[in-house]
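Every number in this text was worked out from the coordinates using simple rules, so none of it is lab data. Given the structure is predicted, the values throughout are model-derived calculations rather than measurements. Note that we place each Cβ from the backbone using ideal geometry, even for glycine, and neighbour counts take in every protein chain shown.
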């Protein structure tokens with residue numbers, strides 16, 4: 001039987017966030033997608049909900065293909081409730097077009113629901129995030 005302690009669960013969720021950052025920063029879409037439940041839901045700002053690996057892949061993989069990304073995630077809190085947990089906090093990101101152009105800078109918030117896997121690891125079940133302000137493009141223009 002897997003050890004199920006709050007400390008262990010929170011540590012595993014913290015590792016998931018480190019892996020999320022590492023995958024984005026290393027341009028590793030496969031690793032990033034592996035952090036999700038197969039039926040995961042992503043709720044991005046200003047876009048339709050994406051349900052399941054295929055919808056998430058079709059919308060997010062092009063971002064990895066066309067941009068170098070750097071993200072930093074700051075967890076404010078993680079709460080474990082049985083086989084589900086939630087984590088919320090803030091994030092900062094910079095996207096640089098691989099074909100050239102100005103950087104796109106963004107700061108925002110996230111609320112993520114995670115699901116415990118049979119092996120005791122955690123995966124993203126539902127991710128919702130938004131921006132604190134309109135996205136900043138380094139050329140001086142604002143994207144709303």
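So what are the three principal axis dimensions of region 1-59 from its Cα atoms, in whole Å, longest to shortest?
37, 24, 21
Between (1) -0.42, -1.32; (2) -0.36, -1.29; (3) -0.57, -1.10, which entry matches log10 I(q)/I(0) by the Debye sum over Cα atoms at q = 0.11, 0.20 Å⁻¹ as derived from the coordinates of this structure?
The value matching this structure is (1).
Give the angle, between 0 and 90 degrees and rounded to the nearest 10, that separates the Cα long axis of helix 52-66 from the longest principal axis of the Cα atoms of the chain.
Roughly 40 degrees, rounded to the nearest 10.
For the chain, what is the calculated [θ] at 222 nm in deg cm²/dmol (nearest 500), taking -39500 (n - 2.57) for each run of four or more DSSP H residues and dividing by its residue count?
Helix-only estimate at 222 nm: -9000 deg cm²/dmol.
Could you state the angle between the C-alpha long axis of helix 6-25 and the longest principal axis of the C-alpha atoms of the chain, as a value from 0 to 90 degrees rounded to the nearest 10?
The angle comes out near 20 degrees.
Just want the ordering: 76, 68, from fewest to most Cβ atoms lying within 10 Å of their own Cβ.
76, 68
May I ask what percent, to the nearest 5, of DSSP beta bridges between residues of the chain are antiparallel?
Around 90 percent of the beta bridges assigned by DSSP in the chain are antiparallel ones.
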